[in-house]
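Reading through the structure tokens given below for one structure.
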Amino acid sequence: MSGELSRRAALKLTAWGGAGLVASACTGNDRPAAAPEQTLPEAPPLPEAPPLPEAPPLPGRPRNVRVSRDEFVAHAEPCLAVNPREPRNLLGACIAHPNEGGTHIAAYASFDAGASWRSLGGLQDSADGRDPTVTFDATGRGFVCANTDDLHVWRTDDGGRTSGAAVLATRGHKLDHPWLAADPSPGPQSTTHLYGAWTGGSDNNWLEFGRSTDGGHSFQAPRAIDTALGPGEANFASPMVAAGHGGAVHAVYGVWPPLPPGVLRPEFPAPIRVISSPDRGETWGQPIELGTGVMEIRVQPDTNGLGLPAVAANEHRDFAAAAFVVRQPDASFSDVAVCVSRDRGRTWSAARSVPRASDDTVYLQPQLAIDEAGRLALSAFAYRRGQIDVVVLVAKPATARFGRPVPVTSRPFDPAQGTLSGKHGAWWIGDYQGLASAAGRVHPFWNDPRSGRLEILTTSLRA
């Protein structure tokens, strides 16, 4: 997240909004000090918010559901996960900006496949929070992870009705853009593995990995699994993690060259790497370069859009996929390229571009999800003539052969309306969006300024 937005003073939470409890320190292999397990009372339903000030959906477009009905004035970087034990249970999180300044991590839960939502408010100990991610383990426990200048992890045992105590997974450890994934393998809750990856080191020049082997009660000390080397590798950026069948773990990330100082970075090529572990993070293979992507995309003279890489893995078979944005110099469009692995990350296919609606569409912020049948779903911001549509593409099971892009926003929106300015230019609409898929349904989860400020919206469509 933009530094100018993420490092303001913290807001004191309202009484109803705090969903977490006081964090228990948990660094290295040490367990937190003994304390009784606690949960908060179930959050009351929020009052009905006024309808979004928009016209009815365009013909053939779905209606959108507003998720964020709370006291926060802006919401960014939404992430979404689906409960494998109950596919109608969705858990989401985002950066939330209160009126008074600062940020928190807000969480939301649905128990009817996204038709309605309840809010957990701002999670306690999430002041200055950014880069939230969400995951479920095989037993149906949900986890929210965020960067608070350390790594905080919150757990919910009831799908998001309540939240347990936060765990401090690192202490005094500089990191950026953490991502958390739970091992999908069935087994006792006490041995559930959680995997986290982020950039660290003096200048984000390490890709670091940390894990929990006891269901998130404690986290092992982080270790570097890749290091930026040579004059062309200044640092790493924006890792994402996926956990798959048989203990496979994959992390995808960008390699940035040295860049000139300045407020608005130029559009530049970035090698996209993936590194994989076949044994739940015990050992790691060599990094593999998937292709050359573009992570900051000049969409207008004073603004960059973002195209961070994404990864997903299937829980039942050795099938994983990674996606990233590619763009030829001076092209009026960008594409999303997808690579797949069928051997637990030892090898990856050549990049293959997904269908694009027009030759003046710029794809931004791709996200991947994969359901129990091995069917890939991909969402993206489709930027065209100053407007954005969220589009979803679905592939045939265990392939990257995607169908046409389907707009899921009821109408396109102007990203400059009600969004935030900063180091990316005149508007910034977050670094990434959310996507989940299970039981034949795909759930895109995005932030959208159509109401005059950034709110979280969603819809549901058949895979």
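Here is a yes/no grid of residues against (1) touching a Leu at 6+ places or on another chain (Cβ under 8 Å); (2) closer than 13 Å to Val442 by Cα; (3) surrounded by 24 or more Cβ atoms within 10 Å (Cβ to Cβ):
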| site | (1), (2), (3) |
| --- | --- |
| Ala377 | yes, yes, yes |
| Phe381 | yes, no, yes |
| Arg384 | no, no, no |
| Lys396 | no, no, no |
| Ala400 | yes, no, no |
| Gly403 | yes, no, no |
| Val406 | yes, yes, no |
| Ser410 | yes, no, no |
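Any residue at all in segment 59-70 that is free of Cβ contacts under 8 Å to residues at least 12 places away in the same chain and small (Gly, Ala, Ser)? Quick ask: steps written out before the conclusion?
Our first condition is that a residue be free of Cβ contacts under 8 Å to residues at least 12 places away in the same chain; within segment 59-70, this holds for 59-60.
Those left that are additionally small (Gly, Ala, Ser): 60.
Yes.
Which one of these does Asp279 not meet: (1) in contact with a Pro (Cβ under 6 Å, 6 or more places away or on another chain); (2) part of a loop (DSSP other than H, G, I, E, B); (3) among the charged types (D, E, K, R)?
In the conditions (1) in contact with a Pro (Cβ under 6 Å, 6 or more places away or on another chain); (2) part of a loop (DSSP other than H, G, I, E, B); (3) among the charged types (D, E, K, R), Asp279 misses (1) alone.
Filtering segment 264-290 down to residues that are in contact with a helix residue (DSSP H, G or I) (Cβ under 7 Å, 6 or more places away or on another chain) and not basic (Lys, Arg), which residue is surrounded by the fewest Cβ atoms within 10 Å (Cβ to Cβ)? Steps first, please.
Of the residues in segment 264-290, the ones in contact with a helix residue (DSSP H, G or I) (Cβ under 7 Å, 6 or more places away or on another chain) are 278-280.
Those still in the list that are not basic (Lys, Arg) too: 278-279.
On the way: Pro278: 18, Asp279: 12.
So, considering only residues that are in contact with a helix residue (DSSP H, G or I) (Cβ under 7 Å, 6 or more places away or on another chain) and not basic (Lys, Arg), the one surrounded by the fewest Cβ atoms within 10 Å (Cβ to Cβ) is Asp279.
Find the residue count for segment 143-153, including only residues that are in contact (Cβ under 8 Å) with a residue 60 or more places away in the chain and within 13 Å of Tyr108 (Cα to Cα).
Looking only at that region, the number is 1.
Could you grab me the full set of residues in segment 327-375 that are buried (at least 23 other Cβ atoms within 10 Å of the Cβ), touching a Lys or Arg at 6+ places or on another chain (Cβ under 8 Å) and farther than 14 Å from Leu393 by Cβ?
Residues satisfying the conditions are Ser334, Cys339, Val362.
Given the criteria at pLDDT 95 or above, in contact with a helix residue (DSSP H, G or I) (Cβ under 8 Å, 6 or more places away or on another chain) and farther than 22 Å from Arg441 by Cβ, does Arg141 qualify?
On the way: at pLDDT 95 or above: yes; in contact with a helix residue (DSSP H, G or I) (Cβ under 8 Å, 6 or more places away or on another chain): yes; farther than 22 Å from Arg441 by Cβ: no.
Here the answer is no, as Arg141 does not meet what is asked.
Report, by residue number, each residue of segment 389-406 that is in contact with a strand residue (DSSP E or B) (Cβ under 8 Å, 6 or more places away or on another chain) and of a type outside the set (Val, Ile, Thr). Before the answer, list the steps.
Looking only at segment 389-406, we keep the residues that are in contact with a strand residue (DSSP E or B) (Cβ under 8 Å, 6 or more places away or on another chain), and these are 389-395, 399-406.
Those that are in contact with a strand residue (DSSP E or B) (Cβ under 8 Å, 6 or more places away or on another chain) and of a type outside the set (Val, Ile, Thr): Asp389, Leu393, Ala395, Ala400, Arg401, Phe402, Gly403, Arg404, Pro405.
Filter segment 270-303 for residues that are within 16 Å of Val326 (Cβ to Cβ) and of a type in the set (S, T, N, Q) and give the result.
Result: Thr292, single match.
Taking segment 238-263 as the region of interest, how many residues are touching a strand residue (DSSP E or B) at 6+ places or on another chain (Cβ under 7 Å) and either at positive phi or surrounded by fewer than 15 Cβ atoms within 10 Å (Cβ to Cβ) (or both)?
1
The values are calculated or read from the model by the stated rules, or taken from the named source; none is laboratory data. Note that the structure is a prediction, hence the values are computed from the model and not measured. A quick note on method: Cβ atoms are made from the backbone with ideal geometry, for glycine too, and the neighbour counts reach across all protein chains shown.
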